[in-house]
1. Among the candidates A:S110, A:S152, single out the residue that is polar (S, T, N, Q) and without any contact (Cβ under 8 Å) to a residue 12 or more places away in the chain.
2. Is it true that A:S22 is at the interface with chain B (Cβ under 10 Å from one of its Cβ atoms), within 12 Å of the chain's Cα centre (by Cα) and either buried (at least 18 other Cβ atoms within 10 Å of the Cβ) or in a strand (DSSP E or B) (or both)?
3. Got a sec? Which of A:G141, A:G124, A:G115 is under 14 Å from A:G29 (Cβ atoms) and small (G, A, S)?
4. Looking at (1) over 20 Å from the mean Cα position of the chain (by Cα); (2) within 10 Å of chain B (Cβ to nearest Cβ), which is the one condition that is false for A:S152?
5. Is it true that A:V56 is over 9 Å from the mean Cα position of the chain (by Cα) and at pLDDT 95 or above?
6. Of B:A55, B:A60, B:A28, which residue is among the hydrophobic types (A, V, I, L, M, F, W, C), more than 15 Å from A:R92 (Cβ to Cβ) and more than 9 Å from every other protein chain (Cβ to nearest Cβ)?
7. What are the residues in the stretch A:77-93 that are within 9 Å of chain B (Cβ to nearest Cβ) and of a type in the set (A, V, I, L, M), if any?
8. Considering only the stretch B:64-75, state which residues are closer than 18 Å to B:I37 by Cβ and more than 7 Å from every other protein chain (Cβ to nearest Cβ).
Amino acid sequence: MTSGSSPLAMAVAGEAPEVSISRDLVKRGLIATPVLVLISAVAAGADGAWSAAFAVALILLNFSMAAWLISVTARISLGLMMGAILFGYILRLALITLAVLLVKDMSWVSIPVLGVTIIVTHLGLLFWEMKYVAASLAFPGLKPDVAEWRASRAPENH
Amino acid sequence: MEAISMLVSAAAEKDPNTTGSGLTALGAGLAYGFAAIGPALGIGNLVGKSVEAMARQPEAAGMVRTTMFLGIAFTEALALIGFVVFILLKFA
């Protein structure tokens, strides 16, 4: 951490926990995609499957973009990070709206499936991720893999 | 510009001459608008407090950023629910 003249001019150095969390969210999203697509295919046929895949892609892109914005701007200053998060919220919401408006009339889109999958994926992935987040001073991002952590500490004990 | 014209045409797409479609459009717009205001206030408050915490206690910045990111994502879910209500009312 480096300090400037004002707290808002401070920059946060070091690794970005939100990037590792968003990568983990994307990984889990890709694991959950076949299940969501299958359920949607059963409920609404091929249109439902395509719509569910599109919704999952939108949500994963949204998470990645949010994490990227925070990590890039936090290295510059806290003030910029604050602005980027607030304007990023509007920007990401506008991009999701635009993406849905662009595809809404296409033959493969089922609007109810698209809408439900957006909510289910967003909330489902977040609740799933909560199980793997440590958020402690020692491990600010994800919980460490116990075997890896023990292996990394082993030389210190000898 | 094309995107803006798409948004405008999407808003006026349903038959504007019936009271029912007008009320549906009004409801959809209000649902999306009000659903976006709450999370905006929430995210503003959340980020402001997080920046304050990082400035006061730089050694806890990693932990604060983690909870901030998750908080933003959970708060944003409310806006997404509003958005989904909007598309269901307008296009389904």
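The values are calculated or read from the model by the stated rules, or taken from the named source; none is laboratory data. As the structure is a computational prediction, the values presented were derived from the model and not from experiment. As a convention, Cβ positions derive from the backbone with ideal geometry for all residues, glycine included, and neighbour counts pool all protein chains shown.
1. A:S152
2. Criteria met by A:S22.
3. Within the list A:G141, A:G124, A:G115, the selection yields A:G124.
4. (2) is the only condition that A:S152 fails.
5. Spelling it out, A:V56 is indeed over 9 Å from the mean Cα position of the chain (by Cα) and at pLDDT 95 or above.
6. Exactly one of B:A55, B:A60, B:A28 is among the hydrophobic types (A, V, I, L, M, F, W, C), more than 15 Å from A:R92 (Cβ to Cβ) and more than 9 Å from every other protein chain (Cβ to nearest Cβ), namely B:A28.
7. A:L78, A:M81, A:M82, A:I85, A:L86, A:I90, A:L93 - these are the residues of the stretch A:77-93 that are within 9 Å of chain B (Cβ to nearest Cβ) and of a type in the set (A, V, I, L, M).
8. If the condition is that a residue be closer than 18 Å to B:I37 by Cβ and more than 7 Å from every other protein chain (Cβ to nearest Cβ), then B:G71, B:T75 are the ones that fit.
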